[in-house]
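Undergrad: Mind having a look at this structure? Questions to follow.
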Amino acid sequence: MKTHPPIDDAFAEYEKLSLPQSSQTATAAAPAPQPKPSEFKYIGKPMPRVDGRMIVTGAARYTHDLAFDNMLIGKILRSPHACADIVSIDLSAAQALPGVKAALRLKEDRIRWAGEPVAAVAAVSESRAEEALALIKVEYKPLPHVTAPDKAMEAGAPLVQDQGNVIKSNDAVRGDVEKGFKEADVVLEKTYKTAWEVHQPTETHGSVARWDGDDLTVWDSTQAVQSVRDGLARTLAIPAGRIKVLKHYMGGGFGSKLGLGDYTVTAAKLAKMTGRPVKITLTRRENSTSVGYRPTAWMTVKAGAKKDGTLTALTVKSYNCGGVGRGDRVAAPYSDMYACPNFKIEEYSVFVNACASRAMRAPGHTQATLGLEGMMEELADALGMDPLALRMKNFAAKDKGNTGIPYSTKGLEQCYKLGAEKIGWDKRNRKPGGGSGKVRTGIGMASQIWPGTGAPGTLADIKLYPDGTVEASCGTQDIGTGTRTHMAVVAAETLGLEPKDIVIHLGNSDLPWAPGSGGSMTTPSVAPAVRDAALKAADYLKALASKKLGIPPAEIVLENRKAASKADPTKAIELKELARGIPRPLPFHGERGDIPSAFAFQTFGAEFAEVEVDTETGKIRVKKVVTAHDIGRVINRLTAESQVLGGVTQGMSAALYEEKIMDPHTGTMVNTNYHDYKVATAMDIPEIVPLFADVVDERLNNLGTKGLGEPARIPASACIANAVYNALGVHVREIPMTPARVLAALKRKEARP
Amino acid sequence: MDTPRKKKKSVSRRAFLQTMGGGAMGAGVVSRVLGKEMPAFQAGPGPMDVVASKTIALTVNGRKVKIAVEAGETLLQVLREKLQLTGAKRVCNRGECGGCTVLVGGKPVYACHTLALQVDGAEILTVEGLADGDKLHPVQEAFIDKDGYQCGFCTPGFIMASVGLLKKNPQPTFDEIRAGVSGNLCRCGNYQKIYAAVGAAAEAMRRG
């Protein structure tokens, strides 16, 4: 019996997001000359969302909100055991219950985690489906399980994967680390730990599936309509062209909705069996146990530096635990952030009986940044240096720790200046823990690196209609970051219209290809493709206007809904009037061009936190966070700020509260709701000041723009941990920094000779 | 959240149903009963046969409706599934996050945590009924202007909680705004802009 299927590697799926996609048109031109920011009317300004009215009136339809005639509700029976063999599944009683239209086995052999799908039903109502689940008789043969990574690594632990519970997942080396440590005046070695952090989007995962003959339509709460379509085609073995995946509005994903869900496949199968639409939405409990989380990382970091702060060697040994999956890789920030010729990393995956982790907002990077930036802070103290000066001392102008190719642009120095000034860097304790009294204050910071360059091959169309309608279409999705709005802003800017004039189509897998909305990919993929299409449409309109106005196209500008002579604005024609000359709806195809290979492209940034720590209770209060990011050209300042607020809030929440807790005896997750799984709430939020370096990268794409979702989140937990270190003089080194862990760290400090 | 409170340590199912019919069930008690002591308590046949369905009268967004409900049915189920008013969301379904907030008699309540039978005769306002035709409520306008949302799934709940707050306290301080929306959870983490939106709405409503 096959007990261990291939290891789930969600991280590899995530990495694929940023791989260049083959171009359909293969004619992507070099980036057009970039206008100065001052020439833009909308791009870079704070622009309210074009679909705001939909959201605030409740008209926006989320997958949860959909209902169709004859629709059935599907429910999934999940394993209560963390490890067990299924002896038998008897569906007969469930099938016999009135109102139950289909029942389905989902698992025949070994269960490897509590919450794994076993069977499913479709019934006329949710309550009937729940009753039916209770009637399914499953006989399990329970087997020993292990849910704690340290226990899984012990000899004789129950085997979770055939290869063993620990496998090497990555290693890399450059230079000579032994030589580097010999050259160092100071060498530190510390271990930093992160917890399992659950995405917990407000809209739980869910899908509605409907067949029309051989054609399948799926409405899915997803971050990636294209991947879900491709995944369904593979899994159901039907042509991709017969599948349409739609997502109009989606209530959060944070990485957990990037691929095809088993609930989606189940809904499609139940719909096929019954000939009726089937809707499956997960409960909050299922959302907690069965759709991933951020894997833990236990990272032992060793760094050597000369007296002046020059890094001579950096080594990392990391154990990542992502349940039955491979977990994240943390290497990139350690390798690339600072100039360091001698570097080595070994990464191991530890397997336990829990569902596979999934990508979560900046997978690997947030964990790595806690360790790397924690080490930089501790190293600065050991060297007697200003932590910011230590970072500047090791500034890398080239990738791979200053040993690779040059960065096209790197606005990190500007970020440091902006952030340090705004937080009042000079107010920090010169010596960590240098304050006095029961409540200590501290200021800390952390830096960030993340690609955010966008996917070559992203396509978008602008269509002009004879009635004057201008439509922008792209098979991307707006996951709450404001994609609809930035498409409208870019199209309107380029065509001399207002954002509200543009009809936006997205969230449909039939539209021109775009990558999944993860990895800060959306804006730097979609905005340049829309710009490209709009520039082509603008050329067409100028040529049309040229004939009407009798002046050369080069002398015409599109603005204020008109095509007008640059020299004489009275010579003008309304675009609506001009459109009447269009013979039929005309599409203009746009593409995001390739990424030049001679330069390295990354986003950079720094976040600064001010905290108060009660040394009696161990409670931390974050008072203020200042962020400064270099994400190239900001397309919409209003939504960009919102993304930063979200990244900081989630980072603070992970730093202080969030942890998926497993009961070692039953192998089940115990905190499966918002009450027990603590997330930051309205009363916890500090003042957050989002700043941007506004460094336009003209080589990267035709708008010089990069992504922001990940950058905002990456340094947030680490800067708070470092601020707590500055307050206490001891680094907690493990998140969440619960009061108990803070008090334990203070005891560790007292015990120090 | 304003919900009638009644201190009771525990309650039998019969007593629970009787009390519920009187509309005085405390939110905390319901949770305890539904969550722990009566796991089988669900709409549908079986245990639900104890109490037959009953027709209640509601005024929802100014429209009078009569509707048959079962004893275990929540106000949220009635709104979303029977009246197709899907603005209020089912997020936690256990009174923890405020995604389902609506106004009952002008006060914000968690609809997932309110049995339909409890609100027989009540006036309900949901996010769909807030605008005056095409004219948005100042709170709605302010959420758009300040970008008081990201994915928007929690937004109807935040808006209704904010409207409830401003009805009770038209000039809230910053801390009163925070406390006023503290029963609502935004996982995207846009609180700062939500505070700004509520503040701006209060200002706009003062100016008229």
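The values are calculated or read from the model by the stated rules, or taken from the named source; none is laboratory data. This is a predicted model, so every value here is computed, not measured. No Cβ is skipped: glycine too gets one built from the backbone with ideal geometry, and neighbour counts run over all protein chains shown.
Undergrad: Need at least 2 residues that are β-branched (Val, Ile, Thr) per element, so show me which strands (runs of 3 or more DSSP E) inside the stretch A:395-485 make the cut, counting only ones lying wholly within it.
TA: In the stretch A:395-485, the matching strands (runs of 3 or more DSSP E) lie at A:439-450.
Undergrad: Determine the pairs where a residue that is within 8 Å of chain B (Cβ to nearest Cβ), located within the stretch A:634-662, has a partner that is assigned to a loop (DSSP other than H, G, I, E, B) and acidic (Asp, Glu) with Cβ atoms under 9 Å apart, the partner being 6 or more residues away or on another chain.
TA: A:LEU638/B:ASP147; A:THR639/B:ASP147; A:GLU641/B:ASP147; A:SER642/B:ASP147; A:GLN650/A:GLU658
Undergrad: Please determine, by comparing only the residues of the stretch A:227-249 that are touching a residue at least 12 places away in the same chain (Cβ under 8 Å) and touching a Lys or Arg at 6+ places or on another chain (Cβ under 7 Å), which one is nearest to the other protein chains (Cβ to nearest Cβ).
TA: Among those that are touching a residue at least 12 places away in the same chain (Cβ under 8 Å) and touching a Lys or Arg at 6+ places or on another chain (Cβ under 7 Å), it is A:TYR249.
Undergrad: Within the stretch A:533-541, is there a residue that is in contact with an Asp or Glu (Cβ under 8 Å, 6 or more places away or on another chain) and not hydrophobic (A, V, I, L, M, F, W, C)?
TA: No: the stretch A:533-541 contains no residue that is in contact with an Asp or Glu (Cβ under 8 Å, 6 or more places away or on another chain) and not hydrophobic (A, V, I, L, M, F, W, C).
Undergrad: A follow-up question, please. Restricting the search to the stretch A:581-610, which residues are more than 22 Å from the chain's Cα centre (by Cα), part of a strand (DSSP E or B) and closer than 21 Å to A:VAL526 by Cα?
TA: Passing the criteria: A:LEU586, A:PRO587, A:PHE588, A:HIS589, A:GLY590, A:GLU591.
Undergrad: Would you tally the residues in the stretch A:711-744 being touching a Phe, Trp or Tyr at 6+ places or on another chain (Cβ under 7 Å) and closer than 10 Å to A:VAL611 by Cβ?
TA: So the count comes out to 1.
Undergrad: Could you check the stretch B:186-208 and list, in sequence order, the residues that are more than 19 Å from B:GLY99 (Cβ to Cβ) and assigned to a helix (DSSP H, G or I)? Full working, then the answer.
TA: Residues of the stretch B:186-208 that are more than 19 Å from B:GLY99 (Cβ to Cβ), as a first pass: B:192, B:196, B:199-208.
If the condition is that a residue be more than 19 Å from B:GLY99 (Cβ to Cβ) and assigned to a helix (DSSP H, G or I), then B:GLN192, B:ALA196, B:GLY199, B:ALA200, B:ALA201, B:ALA202, B:GLU203, B:ALA204, B:MET205, B:ARG206, B:ARG207 are the ones that fit.
Undergrad: Suppose the filter is within 28 Å of A:ASN353 (Cα to Cα), at pLDDT 95 or above, among the hydroxyl-bearing types (Ser, Thr, Tyr) and surrounded by fewer than 22 Cβ atoms within 10 Å (Cβ to Cβ); does A:THR300 pass it?
TA: Yes; evaluated as a whole, the condition is true for this residue.
Undergrad: Does the stretch A:294-301 contain at least one residue that is within 14 Å of chain B (Cβ to nearest Cβ), part of a loop (DSSP other than H, G, I, E, B) and of a type outside the set (A, V, I, L, M)?
TA: no
Undergrad: Which condition number does A:PRO664 fail, the rest of (1) under 30 Å from A:ALA82 (Cα atoms); (2) under 18 Å from the mean Cα position of the chain (by Cα) being met?
TA: Every condition holds for A:PRO664 apart from (2).
To keep it simple, each residue is scored yes or no on (1) among the aromatic types (Phe, Trp, Tyr); (2) assigned to a loop (DSSP other than H, G, I, E, B); (3) at the interface with chain A (Cβ under 10 Å from one of its Cβ atoms); (4) more than 18 Å from the chain's Cα centre (by Cα).
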| residue | (1), (2), (3), (4) |
| --- | --- |
| B:ILE124 | no, no, no, no |
| B:PHE143 | yes, no, yes, yes |
| B:TYR149 | yes, yes, yes, yes |
| B:GLY164 | no, no, no, no |
| B:PRO172 | no, yes, no, yes |
| B:ASN184 | no, yes, yes, no |
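Undergrad: Here's a follow-up. Got at least one residue in the stretch A:258-276 being touching a residue at least 12 places away in the same chain (Cβ under 8 Å) and within 14 Å of chain B (Cβ to nearest Cβ)?
TA: no
Undergrad: Still on this model: Restricting attention to the stretch A:150-159, does a residue exist that is on the phi < 0 side of the Ramachandran plot and touching a helix residue (DSSP H, G or I) at 6+ places or on another chain (Cβ under 9 Å)?
TA: yes
Undergrad: Still on this model: Specify which of the listed residues (A:THR312, A:THR289, A:THR274, A:THR266) is within 19 Å of A:LYS190 (Cα to Cα), of a type in the set (S, T, N, Q) and in contact with a strand residue (DSSP E or B) (Cβ under 9 Å, 6 or more places away or on another chain).
TA: Exactly one residue qualifies, and that residue is A:THR312.
Undergrad: Next up: Filter the stretch B:71-121 for residues that are in contact with an Asp or Glu (Cβ under 9 Å, 6 or more places away or on another chain), in contact (Cβ under 8 Å) with a residue 60 or more places away in the chain, part of a loop (DSSP other than H, G, I, E, B) and away from chain A (no Cβ under 14 Å) and give the result.
TA: B:GLY106
Undergrad: I would also like to ask the following. Please work out if A:THR458 is among the polar types (S, T, N, Q) and not assigned by TED's automatic domain parsing to the domain that holds A:GLU698.
TA: When the stated conditions are applied, A:THR458 passes them.
Undergrad: How many residues are within 7 Å of chain A (Cβ to nearest Cβ) and among the charged types (D, E, K, R) when one looks only at the stretch B:186-208? I'd like the intermediate steps shown before the answer.
TA: The first filter runs over the stretch B:186-208 and keeps only residues within 7 Å of chain A (Cβ to nearest Cβ), leaving B:187-193.
Among the residues that remain, those that are also among the charged types (D, E, K, R) are: B:187, B:193.
Number satisfying all stated conditions: 2.
Undergrad: Just to confirm my filter: which strands (runs of 3 or more DSSP E) fall fully inside the stretch A:136-241 and include at least 1 residues that are of a type outside the set (Ser, Thr, Tyr) and under 25 Å from the mean Cα position of the chain (by Cα)?
TA: Filter on the stretch A:136-241 gives A:166-174, A:186-193, A:206-212, A:215-220.
Undergrad: Would you check which residues across the stretch A:617-644 are surrounded by fewer than 24 Cβ atoms within 10 Å (Cβ to Cβ) and either assigned to a loop (DSSP other than H, G, I, E, B) or hydroxyl-bearing (Ser, Thr, Tyr) (or both) and list them?
TA: The answer is A:THR617, A:GLY618, A:LYS619.
Undergrad: List pairs: first in the stretch B:126-149 and closer than 20 Å to A:ARG484 by Cβ and buried (at least 20 other Cβ atoms within 10 Å of the Cβ), second modelled with pLDDT of 95 or more and of a type in the set (Lys, Arg), Cβ under 6 Å, 6+ apart or cross-chain?
TA: B:LYS146/B:LYS193; B:ASP147/B:LYS193; B:GLY148/B:LYS193
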